[in-house]
Structures are given as C-alpha cells and as structure tokens.
Amino acid sequence: MSISGSGSRYYWCLRHHRVETDADACAAKYRLGPYASAAEAEHALERVRERNAEWDAEDARWAGEET
C-alpha cells in the first residue's frame with residue numbers, strides 16, 4: 001500500500017484493538033498498517049481473514065487438493 005503526502009497514517013493495534021495514528025501508535029510488532037484512513041484500519045482484521053482464505057485456497061489448488 002502506498003501512503004503519499006504528509007497526511008496521517010492509521011494503524012490497527014493488535015494489543016489494544018483500536019485504530020492508532022503515528023502520534024499514538026504502539027510498537028510495530030503490535031500493529032497492522034499503515035492505512036490511508038481510520039476506516040481502512042478498522043477493517044484490517046477482516047482483510048487479513050479474506051487474504052488468508054484466498055491464500056489457503058490457492059495453496060490447496062497448487063497442491064492438487066480440491067476444496
């Protein structure tokens with residue numbers, strides 16, 4: 001993801017389960033992002049689940065397994 005300009009960056013904190021900005025973000029190991037908006041950051045875990053399901057399905061296809 002590309003974040004351009006001098007605008008705020010948003011993160012989803014895995015530790016506090018909330019959106020954080022550069023000003024109040026936890027350590028990188030506890031966050032997902034950066035995202036361009038707070039709304040995108042709020043949905044970070046949904047996107048992670050979607051990508052994992054896509055990748056699991058692709059792995060199964062590659063291995064010759066039908067799902």
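Things to note:
- Single residue of segment 23-32 satisfying the filter (surrounded by 15 or more Cβ atoms within 10 Å (Cβ to Cβ) and either out of contact with any helix residue (DSSP H, G or I) (no Cβ under 6 Å at 6 or more places or on another chain) or of a type in the set (D, E) (or both)) that is modelled with the highest pLDDT: R31
- Scanning segment 1-20 for residues that are in contact with a strand residue (DSSP E or B) (Cβ under 6 Å, 6 or more places away or on another chain) and at pLDDT 95 or above yields R9, Y10, Y11, W12, C13, V19, E20.
- One residue stands out in segment 27-63 among those that are outside any helix (DSSP H, G or I) and hydrophobic (A, V, I, L, M, F, W, C): the one that is farthest from S8 (Cα to Cα), namely A63.
The values are calculated or read from the model by the stated rules, or taken from the named source; none is laboratory data. Given the structure is predicted, the values throughout are model-derived calculations rather than measurements. Reconstructed Cβ throughout: ideal geometry from the backbone, glycine too, with neighbour counts over all protein chains shown.
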